[in-house]
Amino acid sequence: MTPKSMTRRQRHPEADRGLDLYESPPEAVRALLKVETLPHGLWEPSCGRGAIVRVLREAGHDVLATDLHDYKSPDQDFSSFDFMQQRQLPYQAIEAIIQNPPFGRANDFVRRSLELCPLVYMLLRVQFLEGIRRKDILDRLARVHIFSNRLPMMHRDGWDGPKATSTQCFAWFVFSRYHRGPAQLHRMVWEPE
């Protein structure tokens with residue numbers, strides 16, 4: 001008999017997942033700030049309620065926070081903002097895009113980000129490194145900061161069921177439109193608040 005933790009977990013139906021809002025743990029953003037020097041002007045185009053935005057603003061960054069949905073959050077600057085329809089950066093002061101994209105559309109979000117901005121930071125599952133359909137994206141991958149310890153679980157927005165520990169390994173992926181050559185792999189650890 002296979003232990004329950006080793007069986008394939010079922011995904012929640014798309015109707016339940018909605019816009020795939022899984023708020024990023026602030027510990028993940030703080031860990032990134034310890035290993036990367038982020039530019040001052042940033043855009044978080046799938047900001048949700050603002051989990052990434054709050055940490056970056058507390059660290060002194062100027063962050064444009066947009067999302068397709070209006071989460072009625074003081075950390076969200078604009079709603080009804082369809083990132084995938086953008087053809088240019090909304091402000092010249094934006095030097096990088098940072099986000100935890102909807103997992104079901106991660107490929108699309110990374111591609112659009114690189115079209116709009118030369119520097120992109122994405123919080124993704126380590127499995128993102130796999131896949132032939134991502135070759136064009138992975139060719140622009142400069143660095144991967146893999147968490148040595150599992151991040152706190154990111155539960156679906158509105159989830160009121162039992163809380164679980166994370167079974168997924170996450171990493172910060174740093175893409176550069178100008179990168180050539182292999183990506184550097186680094187290990188990182190997040191610290192509890």
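The values are calculated or read from the model by the stated rules, or taken from the named source; none is laboratory data. Predicted, not measured: the structure shown is a model, and the values here were computed from it. Methodologically, a virtual Cβ is constructed for each residue, glycine included, from the backbone with ideal geometry; neighbour enumeration extends over all protein chains shown.
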Residues of the stretch 176-187 classified as farther than 15 Å from Val126 by Cβ and touching a helix residue (DSSP H, G or I) at 6+ places or on another chain (Cβ under 7 Å), total: 1
Whichever residue in the stretch 151-185 is in a strand (DSSP E or B) and either surrounded by 14 or more Cβ atoms within 10 Å (Cβ to Cβ) or in contact with a Cys (Cβ under 8 Å, 6 or more places away or on another chain) (or both) and, among such residues, is modelled with the lowest pLDDT: Arg156
Qualifying residue in the stretch 35-46 (condition: farther than 25 Å from Arg177 by Cβ, among the hydrophobic types (A, V, I, L, M, F, W, C), part of a loop (DSSP other than H, G, I, E, B) and in contact (Cβ under 8 Å) with a residue 60 or more places away in the chain): no
Test: residue in the stretch 7-29 that is under 17 Å from the mean Cα position of the chain (by Cα), farther than 15 Å from Gly104 by Cα and either β-branched (Val, Ile, Thr) or modelled with pLDDT of 95 or more (or both): yes
Close pairs (6 angstrom Cβ cut-off, 6 or more residues apart or separate chains): closer than 11 Å to Arg177 by Cβ and in contact (Cβ under 8 Å) with a residue 60 or more places away in the chain in the stretch 96-120, crowded, with 20+ Cβ neighbours inside 10 Å and small (Gly, Ala, Ser) anywhere: Leu119/Ala96
Tally, over the stretch 47-67, of residues that are assigned to a loop (DSSP other than H, G, I, E, B) and touching a helix residue (DSSP H, G or I) at 6+ places or on another chain (Cβ under 7 Å): 2
Only listed residue being under 21 Å from Ala106 (Cα atoms) and at pLDDT 95 or above, chosen from Glu36, Glu44: Glu44
Out of Phe109, Phe81, sole residue that is more than 30 Å from Arg150 (Cβ to Cβ), among the aromatic types (Phe, Trp, Tyr) and surrounded by 20 or more Cβ atoms within 10 Å (Cβ to Cβ): Phe81
Pairs where the first residue, in the stretch 129-148, is closer than 14 Å to Trp172 by Cα and the second is assigned to a helix (DSSP H, G or I) and of a type in the set (Ser, Thr, Tyr), C-beta under 8 Å, 6+ apart: none
